[in-house]
Amino acid sequence: MAAVMAEELSELSCVLIPLDGLNLLLPNVSVAEILPWRRVKVLNEAPDWCLGLLGWRGETIPVVRFEALNGGGEAARKAGRCMIVMNRARSATGLPFYALAAEGLPRMLQLTADDLSNQPGRLGPAESVGVRLGTESAVIPNLDFIESQIATLIR
């Protein structure tokens with residue numbers, strides 16, 4: 001019984017989020033909800049990476065295009081397939097939630113340390129590390145950077 005419990009504790013529930021040309025890998029606890037694509041209210045003079053504001057559970061939250069925030073601004077205004085509502089991860093200030101625009105439907109994964117390997121490469125400011133999951137590549141986002149950029153919207 002103790003061996004089974006130790007094995008369960010060594011796994012991490014994750015979400016693999018398909019974006020335009022890359023996948024994000026996040027712990028499941030960082031995701032509040034996955035929504036079908038909805039219309040957002042465009043913010044005047046917002047940065048290219050902010051698609052606008054979304055009404056969600058009585059909150060107004062910004063919708064972020066990760067690819068544009070990471071330096072690829074061309075895809076910024078394109079609609080996605082779904083929205084990933086994120087719990088604020090680290091900063092004590094700022095909005096408690098925000099949404100990421102996703103190109104495909106996210107997948108739930110149970111991962112162990114043995115399932116991941118580092119993938120060297122050039123990282124953008126919104127990326128912490130590149131990883132391989134078997135035959136797939138993914139990026140673990142820099143949530144501190146993302147949330148600090150989102151905080152600039154509410155000043």
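Extension gain, MET108 to SER13: 0.36 nm times the residue separation minus the Cα-Cα distance gives 33.5 nm. In the chain, the portion of solvent-accessible area held by carbon and sulfur atoms comes to 52 percent [1.4 Å probe, whole percent, DNA, RNA and ligands not counted].
Taking Cα pairs under 8 Å and at least six residues apart, what relative contact order does the chain come out at, in percent? In percent, rounded to a whole number, it is 25. Considering only protein heavy atoms, what per residue accessible area in square angstrom results for the chain with a 1.4 angstrom probe? On a per-residue basis, 56 Å². Relative to the Cα centre, the charge distribution of the range 95-155, modelled as +1 at Lys and Arg Cβ and -1 at Asp and Glu Cβ, gives a dipole magnitude of about 160 debye. Taking the alpha carbon gyration tensor of the chain, multiplying each eigenvalue by 5 and rooting it gives semi-axes of 28, 18, 14 Å, largest first.
The values are calculated or read from the model by the stated rules, or taken from the named source; none is laboratory data. Everything numeric here is computed off the predicted structure, so don't read it as measured data. Every residue, glycine among them, receives a Cβ derived from its backbone with ideal geometry; neighbour counts consider all protein chains shown. Side chains included, ligands, DNA and RNA excluded: accessible areas come from the protein's heavy atoms. Shrake-Rupley method; radii C 1.70, N 1.55, O 1.52, S 1.80 Å.
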